[in-house]
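In what follows, a single structure is set out as structure tokens and then discussed.
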Amino acid sequence: EFGAWFSPDGGQEWIQLESGLPSVAVEDMVIQERESDLVLATFGRGFYVLDDYSPLREVSKDLISKPAHIFPVKDALMYVPARNKGSQGSTYFVAKNPDFGATFTYYLSDSLITLKQLRHQEEKELFEAKKPIPQPTVEQLRAEEIEDPPFLIFIITDTDGYEVRRLTTKPKKGINRITWDLKYPGTTPVSIKENDYDPFSSDPSHYLALPGTYYVSLSQSAGGAITELIPPVKFNVVALKNTTLPAANREELVAFHTKVSKLRRSMQGAYSFTNELNNRIKYIRQSLLYTPGSTSGLIEEAAALEKRINDVLFTFKGQPAEASWEEVPPADMPLNRRLSVILSVHSRSTSNVTKTETDNYEILLEEFPPLLEEIKLIHADILNLENKMEELEVPWTPGRIPEW
């Protein structure tokens, strides 16, 4: 009559199933046996599906008494998932499918709280007891302000103990789930929102990992310390055999992806660093222009450095298209565009590596290292120029530590 409930002890205690299920009468239920899905019908509010309810069979008083627990992990099917709606339009409605990948169902006995939440709890108890509430000290408020929020860390490793991926989530009391998308972590430069550290931000992923056996462990980060809660639990990743043109050797495919990912890390990092240098040199030129005593030689040196930086950036990105790439005259392919060709081919494919990919990779191995050396030389020359600026007591510019 009031939602759906389950009992971990043969009916002595009943626990309500929530997570989106309203407190309405459930008139019918059926179990999809292959996937262990529980389907509920309310006849008025629609259907509700609890994907893989098998972990509930393991719930017991002994399990609940533990600080944490990872339930047995169902075999994860590996494939390239279809896009959500395709060309159906935004008005086409489909219910959300289970997340793709290996789903870890875990239990946490208590939610981890921050210093501020702990203080509020203590103040509430004092208020209810009609006792005076002390004023927090400056040190307490400062500690609350700089404290990192507690979070959970799921570490996925392969059979050799090599760490494949890390997942983080908020520590929430009860039975929860988190899913690994069966991919290796991305190697693009890290981005942050609102210029602040966020342990719950989405972690970019890249290529699919190898099918096989993996392990997942659970740790918590609280109070500046990381503590393991659950040792590694074994699970399997199984390739769904529905590929039209499968790779002849999956290990070679993943090995190529790994090489490309390493190259991507260096190339995109170098490109981002060059943009930072480009920003620094603009401040340098502006400050030298208006500083009494700065010689024409220093001003010309800064201008020459900016030209070298622009040449590097042009090699990376080429001539930008105003309206269409057809308007861009024939030219050497920019490094960024050549890399994106390799990345896009296998972003949604598990077929063999093509000759175009290997050719582009070899070309990048030839063209990128000299460019990276030029970036290092430019950086060294900027540092040397900044030392001269410090001797002239030029106002501060980004990337430079003033002397006293």
Please determine whether any residue of the stretch 83-97 is out of contact with any helix residue (DSSP H, G or I) (no Cβ under 7 Å at 6 or more places or on another chain), among the hydrophobic types (A, V, I, L, M, F, W, C) and surrounded by 13 or more Cβ atoms within 10 Å (Cβ to Cβ).
no
Please indicate, with yes or no, whether at least one residue in the stretch 258-268 is closer than 30 Å to Glu393 by Cβ, crowded, with 16+ Cβ neighbours inside 10 Å and in contact with a helix residue (DSSP H, G or I) (Cβ under 6 Å, 6 or more places away or on another chain).
no
Can you tell me which residue within the stretch 186-203, out of those that are in contact (Cβ under 8 Å) with a residue 12 or more places away in the chain and among the β-branched types (Val, Ile, Thr), is farthest from Thr350 (Cα to Cα)?
Thr188
Just need a number here: residues in the stretch 1-20 that are β-branched (Val, Ile, Thr) and in a loop (DSSP other than H, G, I, E, B).
0
Please specify each residue of the stretch 136-164 satisfying the condition of being within 29 Å of Ile64 (Cβ to Cβ) and out of contact with any Leu (no Cβ under 7 Å at 6 or more places or on another chain).
Asp148, Pro149, Phe151, Ile153, Ile155, Ile156, Thr157
(1) on the phi > 0 side of the Ramachandran plot; (2) buried (at least 16 other Cβ atoms within 10 Å of the Cβ) all hold for Gly161 apart from (2)
Quick test for you: out of Lys172, Lys183, pick the one residue that is in contact (Cβ under 8 Å) with a residue 12 or more places away in the chain, of a type in the set (Lys, Arg) and over 24 Å from Leu112 (Cα atoms).
Lys183
Within the stretch 158-176, residues among the charged types (D, E, K, R) and over 18 Å from Tyr215 (Cβ atoms) come out as Lys170, Lys172, Lys173
For the structure I just gave you, tell me whether Arg285 is within 30 Å of Glu390 (Cα to Cα) and assigned by TED's automatic domain parsing to the domain that holds Glu362.
yes
Please go through the stretch 356-390 and give me each residue that is among the basic types (Lys, Arg) and without any contact (Cβ under 8 Å) to a residue 24 or more places away in the chain, ordered by number.
Lys376
Single residue of the stretch 176-201 satisfying the filter (assigned to a loop (DSSP other than H, G, I, E, B) and polar (S, T, N, Q)) that is modelled with the lowest pLDDT:
Asn195
Within the stretch 386-404, tally of residues that are surrounded by 12 or more Cβ atoms within 10 Å (Cβ to Cβ) and modelled with pLDDT under 90:
0
Checking Tyr290 against (1) without any contact (Cβ under 8 Å) to a residue 24 or more places away in the chain; (2) under 18 Å from Leu383 (Cβ atoms), only one condition comes out false. Which one?
(2)
Does the stretch 283-305 include one or more residues that are surrounded by 19 or more Cβ atoms within 10 Å (Cβ to Cβ), closer than 28 Å to Arg264 by Cβ and β-branched (Val, Ile, Thr)?
no
Being closer than 16 Å to Arg83 by Cβ and surrounded by 13 or more Cβ atoms within 10 Å (Cβ to Cβ) is the filter here, so list the residues in the stretch 341-358 that pass it.
Ser349
Can you say whether Asp158 is closer than 24 Å to Arg348 by Cα and in contact (Cβ under 8 Å) with a residue 24 or more places away in the chain, as far as the supplied structure shows?
yes
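Every residue, every condition in (1) free of Cβ contacts under 8 Å to residues at least 40 places away in the same chain; (2) within 30 Å of Ser347 (Cβ to Cβ); (3) surrounded by fewer than 11 Cβ atoms within 10 Å (Cβ to Cβ), yes or no:
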residue	(1), (2), (3)
Leu56	no, no, no
Ile64	no, no, no
Pro67	no, no, no
Ala76	no, yes, no
Tyr79	no, yes, no
Thr103	no, yes, no
Ser109	no, no, no
Gln117	yes, no, no
Glu122	yes, no, no
Suppose the filter is touching a helix residue (DSSP H, G or I) at 6+ places or on another chain (Cβ under 9 Å), within 25 Å of Ser351 (Cα to Cα) and modelled with pLDDT of 90 or more; does Leu210 pass it?
yes
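The values are calculated or read from the model by the stated rules, or taken from the named source; none is laboratory data. The structure displayed is predicted, hence computed values, not measured ones. Note: ideal-geometry Cβ built from the backbone for every residue, glycine included; neighbour counts use all protein chains shown.
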